[in-house]
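Trainee: First the structure, then my questions, so here it is.
The values are calculated or read from the model by the stated rules, or taken from the named source; none is laboratory data. It should be emphasised that the depicted structure is a prediction, and the values quoted were computed from it without experimental measurement. Cβ atoms come from the backbone with ideal geometry, glycine included; neighbour counts cover every protein chain shown.
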Amino acid sequence: MIEALFEGLLLVLQWKPLVFMLAGIALGFWVGLLPGLGGATTLALMLPFVYAMQPVEAFAFLLGMHAVVATTGDITSVLFGVPGEATSAAVILDGHAMAKKGEAGRALGAALASSLVGAIVGAFALAVAIPMVRPLVLTFGSPELFMLAIVGIAFIASLSAPGPRGMMRGFLAGGFGLLCATVGQDPQAGIARYTFDTLYLWGGLDLVPVLVGVFAIPEIIDLAVRRGSIAGALPDGRISKGALEGVKDTFRHFWLTIRCSLIGTFIGIMPGMGGSVAQWMAYGHAAQSARNAEERKGFGAGDVRGVLGPGAANNSKEGGSLIPTIAFGVPGSTAMAILLGGFFLLGLVPGPDMLTKHLPVTFSMVWTIVIANIVTVLVCFLFLNQLARLTAVRGAVLIPAILVLVFIGSYTSNNHYGDILITLVFGAIGFLMVMGGWPRAPFVLGMVLGKIAENYLYISVARYEAAWLTRPVVLVLAAIAVAVILYPLLQRRKAVHA
Amino acid sequence: MKFLVLLLAALAPATVLAQYYAGKTVTIIVGYKTGGGYDATARVLARHLPKHIPGKPTVIVQNMPGANSIIAANHVYAVARPDGLTIATFNRNLPIAQLIKVDGVKYDMTKFAWIGSAASECTVLAIRTDLPYNTFEELRKSKQQIVIGATGPGANTYDFPLLLKEFLGVNLKIVSGYQSSADIMLAIERKEVDGRAGSFTSVRPFIDRKLVKPLLRARATEPGVENLPIDEDLAPTPRAKAIMALRSAPEVVGRPYVMHPDTSPEHLRIMRQAFAAAIKDAELVAESKKAKMDLEFVDGDFAVKVMKEVLSQPKDVVDEFSKYVKFGE
């Protein structure tokens, strides 16, 4: 076991895999920064290049690229409020709010440092979990996955504003998200739902155009109306300091970062939960760490913990999502599905053998994720202050560039003008939500989890009828969901009594 | 002199065509996003086609996903120019969408300029190896219910077992809603379901790993499953046989490649030759073998025949067929 761990490290540290990894990192860096151009697409495009490589080299290349995408995606989210990837949208809420307060450097520092911690914790969690990973994954059947989605939806409680009114708005926004997830052809009867007789909507609403609309458009309008720059009228000097402050924040809230990393790893291991879920669950958990109503209000307005949570989960989930791919040949995401294609190309057979006979190769992949993150974070820190200075650029100069990124980004999801329309429609919805004081996070959470919840509920009932309700893990998860909903209420009562 | 003229005349089209494609870009439009089987096949072809087209044009892949690739088919049928530079590859079940008159279908499958198909996709039924049934007959006779995992109506994971249940009297319970065929495989592993139907390509790694065993297949065949019994052969009535045949007919044309209906016969001929040669290309064969995809060229004329066969069914067969089979995936 320990031997395999080191053997894996040595495999990656040979000069050829290392060079390929650096090439992958350089590529992934840009892919992550640019919204829309997703990690999965890039993996598909790069796959032909691995034919001539050895397995360890090929995975160093592919995974190095993939691991970095999530990290640099956070940068775009923080600076411009435009999700660089579908998996880095949660960082916007507090990260971009910080940028607007002139703390872009601190937010970026926090995002990168927590990413790094996330990647390392995720890797270690995996190393520890490998002996029990197969039983763990096999314990989570459709009923358990459904309940996991419910736990995720329950986090809406802590993502909403306090008070009955705030809760109500949160759950309504979440309900709207769930509704949006039902658009498209349903998988049970094949009926087209809410497609308005357009072919475009058959496949359902794509996450990227919706996220870009809901988050980026209101920010752009805000920037245009305020005039000035993203960071407002703050003196130039204040912007550049703070990257180090962000790193310190990571250690100030170290346990939160660790817990969110573990959430990320766990969601990553669960096949079928998808990459976007982890960051929102982690954000929900981070929001729970607010000790009183005053602190709670700070979330969404630039609390650094709102950056640390999703930042950590985003990278720790990568290691986790390798597991179903490697151990069962069942990919947890599109990117992993493409990676699975890479396995075949290289003559590796995913399955139980990868956790025993080929364990060093498996560990070399985990190491690749860790090393790629370390390299990226170090490189990023070199330019961090220059990047942060972008928030001091005049809006009139910045807006056209951001708009181009926004629309190209959403258009790449289907190469269809419908993508642009969806961005505009959800941009309007997002703008109205911001104006009216409705929280956007529950909406996104509902949308991300809607399809998962619906499908697994249907399967659970079709397969087990009512018997699934009494499965032990289902009961435990139900208790957790109730606790997640009640927690903010209890917290409030405690605050009142104190 | 006369001989020279004749010679020139004979050579002319080839040189003209070489000039035609030289420096140009041929686009293969894929009706799905990056990452799936249709996309992977197109990308392998795009790498090796240029060698086999006179003038060695650049070949690129463009993804046009949406509506289970109806959007891509409509585009190449009506919008793309018939200049021999745009090729489409899409859902093999598009003739079914046309047959059962799905809203939004603007193409006529029989009118495309058919290059052909790059592979045939065989659907198999596979069940867990620890179940006591070794042949389909044993399963059928046992009358015990087994649970089949599926993605949704319109996919072979759903339609194939549905017809088996309706016509061959196997006691199957079909549970649909899994997000991908890989998710069903995991459900099999944790014994949530007992088996699944799916393309042999996607099931094969799990057969090799001895997680499942194949019991039955549809008409289209591939190396490795030739000896399995075929669903149609077990059909109790001609009507049942016709419906099963109709479901599996498009699978013979598993990876369709077409161009605009008005494409000139010269351009079509060039592309057919190029595809046939590329699929035999030693480098391509080596690559596709590594990637575990079996490519085999099926000529365009044969594809048109299959399309006509599917679309010329009597109304009563179509009516009954559409009771069971929806269009999807």
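Trainee: In segment A:288-315, what residues are out of contact with any Lys or Arg (no Cβ under 8 Å at 6 or more places or on another chain) and modelled with pLDDT of 90 or more?
Mentor: Step one: of segment A:288-315, the residues out of contact with any Lys or Arg (no Cβ under 8 Å at 6 or more places or on another chain) are A:288, A:291-292, A:294-298, A:300-301, A:303, A:305-315.
Those that are out of contact with any Lys or Arg (no Cβ under 8 Å at 6 or more places or on another chain) and modelled with pLDDT of 90 or more: A:Asp303, A:Arg305, A:Gly306, A:Val307, A:Leu308, A:Gly309, A:Pro310, A:Gly311, A:Ala312, A:Ala313.
Trainee: Report, ordered by the first and then the second residue, all pairs with beta carbons closer than 7 Å, sequence separation of six or more or different chains, a first member in segment B:55-79 that is farther than 21 Å from B:Gly37 by Cα and more than 10 Å from chain A (Cβ to nearest Cβ), and a second member that is among the aromatic types (Phe, Trp, Tyr) and surrounded by fewer than 24 Cβ atoms within 10 Å (Cβ to Cβ).
Mentor: B:Gly55/B:Tyr20; B:Gly55/B:Tyr21; B:Pro57/B:Tyr21; B:Tyr77/B:Tyr107
Trainee: So which residues in segment B:233-280 are of a type in the set (D, E, K, R) and surrounded by fewer than 21 Cβ atoms within 10 Å (Cβ to Cβ), if there are any at all?
Mentor: From segment B:233-280, those of a type in the set (D, E, K, R) are B:233, B:239, B:241, B:247, B:251, B:255, B:262, B:266, B:269, B:272, B:280; that's our starting set.
Across segment B:233-280, the qualifying residues are B:Asp233, B:Arg239, B:Lys241, B:Asp262, B:Glu266, B:Arg269, B:Arg272, B:Lys280.
Trainee: Taking interchain pairs and intrachain pairs at least six residues apart, which have beta carbon atoms under 8 angstrom, with the first residue in segment A:143-167 and of a type in the set (Ser, Thr, Tyr) and the second not in a helix (DSSP H, G or I)?
Mentor: Pairs that qualify, where the first residue is of a type in the set (Ser, Thr, Tyr) and the partner is not in a helix (DSSP H, G or I), are A:Ser160/A:Pro439.
Trainee: Tally up the residues in segment B:91-106 that are within 13 Å of chain A (Cβ to nearest Cβ), under 23 Å from B:Phe302 (Cα atoms) and in contact with a strand residue (DSSP E or B) (Cβ under 9 Å, 6 or more places away or on another chain), please.
Mentor: Residues that pass the stated criteria total 2.
Trainee: Okay, moving on. Please list, ordered by first then second residue, the pairs with beta carbon atoms under 8 Å, 6 or more apart or interchain, first in segment A:458-481 and closer than 14 Å to A:Ser142 by Cβ, second of a type in the set (S, T, N, Q) and assigned to a helix (DSSP H, G or I).
Mentor: What qualifies is A:Ile459/A:Ser142; A:Ser460/A:Ser142; A:Arg463/A:Ser142; A:Trp468/A:Ser142; A:Trp468/A:Ser460; A:Val473/A:Thr139.
Trainee: Looking at B:Ser288, B:Ser264, B:Ser202, which one is closer than 24 Å to B:Ile70 by Cα and within 14 Å of chain A (Cβ to nearest Cβ)? Give the derivation first.
Mentor: Numbers: B:Ser288 fails: closer than 24 Å to B:Ile70 by Cα; B:Ser264 fails: within 14 Å of chain A (Cβ to nearest Cβ).
Step by step, each of B:Ser288, B:Ser264, B:Ser202 is checked, and only B:Ser202 is closer than 24 Å to B:Ile70 by Cα and within 14 Å of chain A (Cβ to nearest Cβ).
Trainee: Among the helices (runs of 4 or more DSSP H) lying completely within segment A:386-465, list those that include at least 3 residues that are over 21 Å from A:Leu211 (Cα atoms) and within 14 Å of chain B (Cβ to nearest Cβ). Let's see the steps before the verdict.
Mentor: Numbers: elements: A:395-411, A:417-436, A:441-464.
Those helices (runs of 4 or more DSSP H) span A:441-464.
Trainee: Just give me the residues in segment A:326-340 being more than 8 Å from chain B (Cβ to nearest Cβ) and either assigned to a loop (DSSP other than H, G, I, E, B) or of a type in the set (Ser, Thr, Tyr) (or both), in sequence order.
Mentor: Hits for segment A:326-340 are A:Gly332, A:Ser333.
Trainee: Then there's this: Only one residue in A:Ala67, A:Ala40 is touching a residue at least 40 places away in the same chain (Cβ under 8 Å), within 20 Å of the chain's Cα centre (by Cα) and either at positive phi or within 14 Å of chain B (Cβ to nearest Cβ) (or both), so which one is that?
Mentor: A:Ala40
Trainee: Follow-up question, since we're still on this one. Please specify each residue of segment A:466-479 satisfying the condition of being in a helix (DSSP H, G or I) and within 14 Å of another protein chain (Cβ to nearest Cβ). Let's see the steps before the verdict.
Mentor: Filtering segment A:466-479 for residues in a helix (DSSP H, G or I) gives A:466-470, A:472-479.
Listed by number, the residues that qualify are A:Ala467, A:Trp468, A:Val473, A:Val474.
Trainee: Further question: Just to confirm my filter: which helices (runs of 4 or more DSSP H) fall fully inside segment A:97-185 and include at least 2 residues that are within 14 Å of chain B (Cβ to nearest Cβ)?
Mentor: Details: elements: A:104-129, A:133-139, A:142-154, A:156-159, A:163-181.
Ranges flagged: A:133-139, A:142-154.
Trainee: Which residues, counting only those in segment A:346-369, are touching a residue at least 24 places away in the same chain (Cβ under 8 Å), more than 23 Å from A:Val68 (Cα to Cα) and within 14 Å of chain B (Cβ to nearest Cβ)?
Mentor: Pass one, segment A:346-369, residues touching a residue at least 24 places away in the same chain (Cβ under 8 Å): A:346-348, A:350-352, A:354-355, A:359-369.
This time we only want the ones that are more than 23 Å from A:Val68 (Cα to Cα), so: A:347-348, A:350-352, A:354-355, A:359.
A:Gly347, A:Leu348, A:Pro350, A:Gly351, A:Pro352, A:Met354, A:Leu355, listed by residue number.
Trainee: Shifting gears a bit: Being crowded, with 24+ Cβ neighbours inside 10 Å and within 13 Å of chain B (Cβ to nearest Cβ) is the requirement here; does A:Ala58 meet it?
Mentor: yes
Trainee: Return a yes/no flag: does segment A:35-54 have any residue that is under 26 Å from A:Ala301 (Cα atoms) and buried (at least 24 other Cβ atoms within 10 Å of the Cβ).
Mentor: Yes, there is a match, as at least one residue in segment A:35-54 is under 26 Å from A:Ala301 (Cα atoms) and buried (at least 24 other Cβ atoms within 10 Å of the Cβ).
Trainee: Six or more apart or on different chains, Cβ under 7 Å: which pairs go from a residue in segment B:24-53 that's touching a residue at least 24 places away in the same chain (Cβ under 8 Å) to one that's part of a loop (DSSP other than H, G, I, E, B) and hydroxyl-bearing (Ser, Thr, Tyr)? Could you list them?
Mentor: B:Tyr38/B:Tyr32; B:Asp39/B:Tyr32
Trainee: Out of the residues in segment B:253-297 meeting the condition of being among the aliphatic types (A, V, I, L, M) and either outside any helix (DSSP H, G or I) or outside the structural domain of B:Phe112 (by TED's automatic domain parsing) (or both), tell me which one is nearest to the chain's Cα centre (by Cα).
Mentor: Checked segment B:253-297; the qualifying residue nearest to the chain's Cα centre (by Cα) is B:Val253.
Trainee: I've got another one for you. With the requirement that a residue be part of a strand (DSSP E or B), of a type in the set (A, V, I, L, M) and facing chain A (nearest Cβ under 9 Å), what does segment B:151-196 give you?
Mentor: B:Ile174, B:Val175, listed by residue number.
Trainee: If you take the residues of segment A:186-212 that are surrounded by fewer than 17 Cβ atoms within 10 Å (Cβ to Cβ) and of a type outside the set (D, E, K, R), which of them is farthest from the other protein chains (Cβ to nearest Cβ)? Before you say what the answer is, go through the steps one by one.
Mentor: Filtering segment A:186-212 for residues surrounded by fewer than 17 Cβ atoms within 10 Å (Cβ to Cβ) gives A:189, A:191, A:193-194, A:196-198.
Next, only the ones that are of a type outside the set (D, E, K, R) stay: A:189, A:191, A:194, A:196, A:198.
Values: A:Ala189: 7, A:Ile191: 9, A:Tyr194: 14, A:Phe196: 11, A:Thr198: 8 Å.
Across segment A:186-212, the extreme among qualifying residues is A:Tyr194.
Trainee: Please enumerate the residues belonging to segment A:12-34 that are surrounded by fewer than 23 Cβ atoms within 10 Å (Cβ to Cβ) and within 26 Å of B:Lys290 (Cβ to Cβ).
Mentor: Result: A:Gln14, A:Trp15, A:Lys16, A:Leu18, A:Val19, A:Leu22, A:Ala23, A:Leu27.
Trainee: Quickly run through segment B:123-148 and pick out the residues that are assigned to a loop (DSSP other than H, G, I, E, B) and either basic (Lys, Arg) or out of contact with any Gly (no Cβ under 8 Å at 6 or more places or on another chain) (or both).
Mentor: Within segment B:123-148, B:Thr129, B:Asp130, B:Pro132, B:Tyr133, B:Asn134, B:Thr135, B:Lys143, B:Gln144, B:Gln145 qualify.
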